[in-house]
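Some notes on the structure that comes next.
The numbers here are math on the coordinates, done by the rules we state, and not lab data. Quantities reported herein were computed from a predicted structural model and do not represent experimental measurements. Here the Cβ is made from the backbone with ideal geometry for all residues, glycine too, and neighbour counts use every protein chain on show.
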Amino acid sequence: MDFVLFDGKSLRIIEHPIIQFPIKREVTFTFEGKKLKGYEGEPIVAALYANGIKVLRYSPKDHRPRGLFCAVGNCSSCLMEVNGEPNVRVCVEELKECMVIKRQVGKGTFRGGESSCKVQK
Amino acid sequence: MQSTEIAIIGGGPAGMCAAQAAAEQGARVTLIDRGKQLGGQLVKQTHRFFGSEYEYAGIRGIHIANILEDAVRKLDNIEIKIDSTVLAIYGDGVITIEEGENYKKLTSKKTIISTGASEKMLVFTNNDLPGVYGAGAVQTLMNEHGVIPGENVLMIGAGNIGLIVSYQLIQAGVKVAAVIEAAPQFGGYHVHAAKIKRIGVPILTSHTIKEAIGKEFVEGAVICRLDANWKQIAGTEKKLDVDVICLAVGLSPLVELLWHAGCQMKYVPQPGGYVALRDRDLQTTVPGIYIAGDASGVEEASSAMIEGKIAGLSAAEALGYNKNASHMKAKYMEEINILRAGNVGKKVREGLKMLAV
Ligand SMILES: Cc1cc2nc3c(=O)[nH]c(=O)nc-3n(C[C@H](O)[C@H](O)[C@H](O)COP(=O)(O)OP(=O)(O)OC[C@H]3O[C@@H](n4cnc5c(N)ncnc54)[C@H](O)[C@@H]3O)c2cc1C
Ligand code: FES
């Protein structure tokens, strides 16, 4: 299966009339093996959206693309593989330096503790 | 195993008001929320609230959250747990919590469930494509995390939530192609509708969505007109080039914990689906378990706050604390009845009639 790596352009809000978004520390992580940047502590999905990525996984039976739906950890639409662990809800899991994030296919695969930093050493 | 006198699950307006009311009576309270901050729905609301003047109408939701949180943090008999998801309530009264990365257990003498509500889904072709969101998700992404869901939105539902979130999208720099509504009239307040109409966003009543278009994610939507019997009219289909489809077609109370605790539940359409039977004190059929706010039936923030106070006072009173509690409860009951009076509150009153024990 060919993955669409980048679905669109960055969706980060630069200026807002009412809300101020505090600037956070930038961290590096990988998505499908590619190095990307996001903010530490934001939900993983926010960093993916900021990089134009909306397709988070493919469903087990019909291999349908799945994305964000509720954004608060209720629905499990956003399950991905994070650091080798499948079924992580990326709408509530915080982004950390060196994370390895992969689109989950079906029920996912347990690969054990992965880190994008170790790989680079 | 930790223990507390009153455990409150959900730190939105209902939970925070319950905590304050109970703690002011003298009870030891543990307030638990799965979010990174207290406030529930309020922290995403940038608009000035409608509702009762006693419950901060006219103030932006985000600021109401701050006022309530300050009051809660001032009371040192309230322990606050954030980033803490309640997983279950067992028959022996044990509450299990995922607190950060840890699994914790808590027992309580009384428990108030104020978990709020979640969005309803809608049936249409390709409704599972990435790019179809609940309105709450769009708000969370945009107003909490500073990321927009896409560039061009079709909003489904012209109740207050659909209208307000449309305006918030525009504030964040997103285009709203249209707001569609199945009913022949939109349900939200005119002020909110006027705001987005002025910007040029059409509100199409008697319209529904037929399908989402796209292979990997939403690239368009087909809408069509409905006749007087809510049937789709063939030949009226129209394609919109949108990359976001936002559902604002109503909320259902989040009641999993109530089911789990064994509360007697009933399906009642007015409050949004399955809800727990309750007495005047907002106690469910399981002694010691109380409900408040949207979890007890979808309404609005003012009533959530008053219900929180009633539940908090009731639970504290049942534990023997009584600093004028019954008198205060009577006052809040009167206040909530005024809020639910008249035409606006008709639906709420009908629903409540079916839930009293
Ligand atoms: C777009 C929009 C606009 C609105 N505008 C208005 C308005 O102008 N005026 C008005 O009066 N009302 C308005 N409302 C409605 C109002 O926000 C809600 O009615 C109110 O927030 C309900 O309060 P609550 O405390 O019951 O629930 P919520 O605010 O939803 O809070 C519930 C809390 O429970 C937590 N929770 C859920 N499950 C668990 C669990 N298992 N463990 C731990 N924590 C849990 C959640 O994280 C959340 O913080 C609006 C709502 C929306 C969506
Ligand atoms: S989008 Fe619903 S759980 Fe993450």
Q. When the convex hull of the C-alpha atoms of region B:209-357 is computed, what volume per residue in Å³ does it have?
A. 159
Q | Integer Hz, Karplus 6.51/-1.76/1.60 couplings in order for region B:101-110, x for Gly and Pro | A | 9, 9, 9, 10, 10, 9, 10, 9, 7, 9
Q) Considering chain B, what Rg and Dmax in Å follow from its alpha-carbon atoms? A) 21.0, 67
Q: Work out the mean other chain Cβ neighbour count within 10 Å for the residues of B:167-174 and drop it here as an integer.
A: 3
Q.
If I model a spin label as a point 7 Å beyond the Cα along the Cα-Cβ vector, how far apart are those points for residue B:199 and residue B:281 in nm?
A. 4.8
Q) In peptide A:42-53, what is the residue-averaged number of other protein chain Cβ atoms found within 10 Å of each Cβ? A) 3
Q: Using a 10 Å cut-off on Cβ atoms, rank the peptides A:92-101, B:256-265, B:198-207 from the highest mean neighbour count down.
A: A:92-101, B:256-265, B:198-207
Q | Whole-Hz couplings from phi, Karplus 6.51/-1.76/1.60, listed for region B:231-244; x for Gly and Pro | A | 9, 5, 9, 4, x, 9, 4, 9, 9, 10, 8, 10, 10, 9
Q: Report the semi-axes of the equivalent ellipsoid for the protein assembly as shown in whole Å, largest first, where each axis is √(5λ) for an eigenvalue λ of the Cα gyration tensor.
A: 36, 29, 20
Q: Mind putting together the pair-distance distribution for chain A? All Cα pairs, 10 Å bins, whole percent per bin, short to long.
A: 14, 46, 32, 8, 1
Q: Quick one: grab Rg to one decimal and Dmax as a whole number for region B:229-285, Cα atoms only, in Å.
A: 18.7, 54
Q: When a/c is below 1.5 the answer is rounded, else prolate if a/b is larger than b/c, else oblate, so apply that to region B:6-66 with a ≥ b ≥ c taken from the square roots of the Cα gyration tensor eigenvalues.
A: oblate
Q) Modelled label-to-label distance, residue B:121 and residue B:344, 7 Å Cα→beta-carbon offset: nm? A) 3.3
Q) What average count of beta carbons from other chains do you get within 10 Å of the Cβ of residues in A:11-17? A) 6
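So what's the back-of-envelope 222 nm ellipticity for the protein assembly as shown, counting only DSSP H runs of four-plus at -39500 (n - 2.57) apiece and dividing by all residues, rounded to 500?
-7000 deg cm²/dmol, from helical runs alone.
Between residue B:37 and residue B:53, what length comes free when the chain is fully extended (0.36 nm per residue of separation minus the Cα-Cα distance, one decimal in nm)?
Answer, rounded to one decimal: 3.2 nm.
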Q | When each of B:195/B:331; B:81/B:109; B:309/B:347; A:54/B:175 is checked by Cα-Cα distance, pairs over 26 Å | A | B:195/B:331
(Q) With the crude spin-label approximation of a point 7 Å out along Cα→Cβ, what separation in nm comes out for residue A:87 versus residue B:151? (A) 3.8
Q) Tally Lys/Arg at +1 and Asp/Glu at -1 over every other residue whose Cβ is under 13 Å from the Cβ of residue B:299; what's the total? A) -1
Q) How far, in nm, would the chain grow between residue B:185 and residue B:334 when pulled straight, counting 0.36 nm per residue and subtracting the alpha carbon separation? A) 50.5 nm
Q | Cβ-derived FRET efficiency at R0 22 Å, residue B:104 paired with residue B:70, nearest 0.05 | A | 0.25
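Sort B:56-67, B:294-305, A:21-32, B:208-219 by the packing proxy (mean of other Cβ within 10 Å over each peptide's residues), most packed first.
By packing density, highest mean first, the sequence is B:294-305, B:208-219, B:56-67, A:21-32.
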